[in-house]
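The values are calculated or read from the model by the stated rules, or taken from the named source; none is laboratory data. Fair warning: this is a prediction, and the values are worked out from it, not measured in the lab. When we count neighbours, we look across all protein chains shown, and the Cβ atoms used for this are built from the backbone with ideal geometry, even at glycine.
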Amino acid sequence: MKRLVIFDLDGTLLNTIADLGTATNAALAACGYPTHSIDAYRMMVGNGVRRLIERAMPAENNDPETVDTLLREFRNYYDGHLCDLTRPYDGIPELLATLTGREVALAVASNKYESAVRRLIAHFFPDIPFVAVCGNVEGVPVKPDPSIVFRVLTEHPVAKADVLYAGDSAVDIETARRACVDSVGVTWGFRPLRELTGAYADHIVSSPDEILDLLG
């Protein structure tokens, strides 16, 4: 019986791609660089905001100082607009409520900087008693490094055999593998099914309610 489900945020609980893409385009435009279609950002996100900026900006300008400047521009915009177009995926609020009713603990592990993660969770899921809401913090490596999963397990100790990790990308599946917990890839997010199968997800689901069948 799984006692804890750890969720990725972007592409798993929330469809954030429009706000992420708009914020990145705002940062690029502010610095005089070309922008991208919102759909193009589906393949740029997943490894944290710094990596998103590095992927979005022209390669010839990709130096640490310029990345830092773009990061500041991104955060200045995103922090004021992170809920504009973002929405929970269909079935996610119901899934979280059902899991809570079954006394399954819930946590979030995201590569997005933690202040934004906490604001998004508080805004969209105010009634869900997450036992841990973790984002990227300075000095801690991003997923697929498993440190964030270990942090969740420190805040809410559970045997690894009792944990299920849900995410929409190969980064998430690799994070679960490195943390030695079961993984489930979700197909409604930003990455294609072939990425999840190629990463050897333990399970793959196409709708949130299918996660209930994996709890044992």
Note to self: On the basis of being over 17 Å from residue 115 (Cβ atoms), small (Gly, Ala, Ser), outside the structural domain of residue 115 (by TED's automatic domain parsing) and in contact (Cβ under 8 Å) with a residue 24 or more places away in the chain, does residue 59 make the cut?
What the structure shows: no
Check: Can you name the condition, by its number, that residue 122 falls short on among (1) touching a strand residue (DSSP E or B) at 6+ places or on another chain (Cβ under 8 Å); (2) of a type in the set (A, V, I, L, M, F, W, C); (3) closer than 18 Å to residue 93 by Cα?
Finding: (1)
Next item on the list: Pull up segment 169-186, narrow it to residues that are part of a strand (DSSP E or B) and in contact (Cβ under 8 Å) with a residue 60 or more places away in the chain, then point me to the one that is surrounded by the most Cβ atoms within 10 Å (Cβ to Cβ).
Entry: 186
Checklist line | Residue selected from segment 15-25 under the condition among the hydrophobic types (A, V, I, L, M, F, W, C) and surrounded by 18 or more Cβ atoms within 10 Å (Cβ to Cβ), by the criterion farthest from residue 40 (Cα to Cα) | finding: 23
Checklist line | Candidate set from segment 187-216 (those that are under 17 Å from residue 9 (Cα atoms) and hydroxyl-bearing (Ser, Thr, Tyr)); member that is surrounded by the fewest Cβ atoms within 10 Å (Cβ to Cβ) | finding: 206
Check: Can you name the residue in segment 51-96 that is part of a helix (DSSP H, G or I) and among the polar types (S, T, N, Q) and is also nearest to residue 11 (Cα to Cα) among such residues?
Finding: 76
Next item on the list: Exactly one condition in (1) surrounded by 16 or more Cβ atoms within 10 Å (Cβ to Cβ); (2) among the hydroxyl-bearing types (Ser, Thr, Tyr); (3) more than 18 Å from residue 47 (Cα to Cα) is not met by residue 98; state its number.
Entry: (1)
Notebook entry, point to check: Can you name the residue in segment 19-49 that is touching a strand residue (DSSP E or B) at 6+ places or on another chain (Cβ under 9 Å) and assigned to a helix (DSSP H, G or I) and is also nearest to residue 180 (Cα to Cα) among such residues?
Noted result: 49
Notebook entry, point to check: Which of the residues belonging to segment 196-213 are part of a helix (DSSP H, G or I) and either hydrophobic (A, V, I, L, M, F, W, C) or on the phi > 0 side of the Ramachandran plot (or both)?
Noted result: 196, 211, 212
Checklist line | residue 116 being in contact with an Asp or Glu (Cβ under 8 Å, 6 or more places away or on another chain), outside any loop (DSSP other than H, G, I, E, B) and touching a residue at least 60 places away in the same chain (Cβ under 8 Å) | finding: no
Notebook entry, point to check: Which of (1) assigned to a loop (DSSP other than H, G, I, E, B); (2) among the acidic types (Asp, Glu); (3) buried (at least 16 other Cβ atoms within 10 Å of the Cβ) is the odd one out, the single condition residue 127 does not satisfy?
Noted result: (3)
Check: Of the numbered conditions (1) over 23 Å from residue 52 (Cβ atoms); (2) of a type in the set (Asp, Glu); (3) touching a Ser or Thr at 6+ places or on another chain (Cβ under 7 Å), residue 195 satisfies every one except a single condition; which is it?
Finding: (1)
